[in-house]
Amino acid sequence: MLRSFHIGVDLGQRADHTAIVVVEQRVECTGVRDARTFEFEWRRRMIVTKVARLRLGTAFQSIVREVERLTWMPEFEGCVVTTAVDATGIGLVVTELLQQRKLRGELYPVVITGGQEMRYSAGFYPTPRTDILLGVCQAFEVDGLEVARGVAGWEGMVEELKSIRKYQSVAGPRFESEGRHDDLVFGLGLALIGARRRVLPVEGERVRRRSAY
């Protein structure tokens, strides 16, 4: 089995919590052989394994230490790890602090914009707000995103998910969160950006080498 872990960090201001969400990506053997090649078939799974809100007023230095600690969790050993952080506004300060720490894996500073498309620019990933929400919806509806049993904080995520609305505009479908809070949803959306940038293979020599069969 191949595994990767993807951390999303949505930074709160005075009235909002900082949210941290972790998504695990797995590639597992189905136990079914391909009728043509007779090789085992593999499937990709995406699983939410952590949902957390930090208390209001948590210092940036404490947030940075917590993110660094997460990247070095023992279960992440030997796996691809990504951290996507909201680098919008004051998030730039946290991003710079994270860049000074020894994080395991890759760091993706995401600037949330009102634009139309995601693009890379000087070490940052400007990404439209509606694209992040679209990614969350597609994860459940198309990719079959799962939730690990007993994940604390999931009830709060469900309430936020209920507030996502889809609108049609001249530029195409637009998604907005109309709830009081959206920090957990955006934490999930950021984690999914890392997962989609580091998609694990479901076929080929790398997968076959990992097969237990």
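Points to keep in mind about this one:
- DSSP beta bridges in region 2-202 [antiparallel fraction, %, rounded to 5]: 60
- Candidates T58, T130, T71, ranked by Gaussian network fluctuation over the chain, Cα under 10 Å, top entry: T58
- The packing ranking of peptides 99-111, 154-166, 77-89, highest mean first, is 77-89, 99-111, 154-166, where packing means the average number of other beta carbon atoms within 10 angstrom of each residue.
- Approximating the spin labels as points 7 Å out from Cα along Cα→Cβ, the D143-to-Q168 distance works out to 2.7 nm.
- Taking the C-alpha atoms only, the angle from helix 129-141 to the longest principal axis of the chain is near 40 degrees.
- On the beta carbon distance between C79 and F124, with R0 = 35 Å, the FRET formula returns roughly 0.90.
- A Förster distance of 35 Å, applied to the separation of the beta-carbon atoms of T113 and V202, puts the FRET efficiency at 0.65.
- Highest-fluctuation residue, G135, G57, G194 considered, GNM on the chain with Cα pairs under 10 Å: G57
- On Cα atoms only, tilt of 183-197 relative to the major axis of the chain in degrees: 40
- Once the C-beta distance of C29 and W72 is scaled by a Förster radius of 30 Å, the resulting FRET efficiency is 0.60 to the nearest 0.05.
- Exposure proxy shown here: for T113, T127, the number of other Cβ atoms within 10 Å sets the order, fewest to most, as T113, T127.
Readers should treat all values here as calculations from the given coordinates under stated rules, not as data from a laboratory. Every value quoted in this text rests on a predicted model; they were computed, and no experiment measured them. A quick note on method: Cβ atoms are made from the backbone with ideal geometry, for glycine too, and the neighbour counts reach across all protein chains shown.
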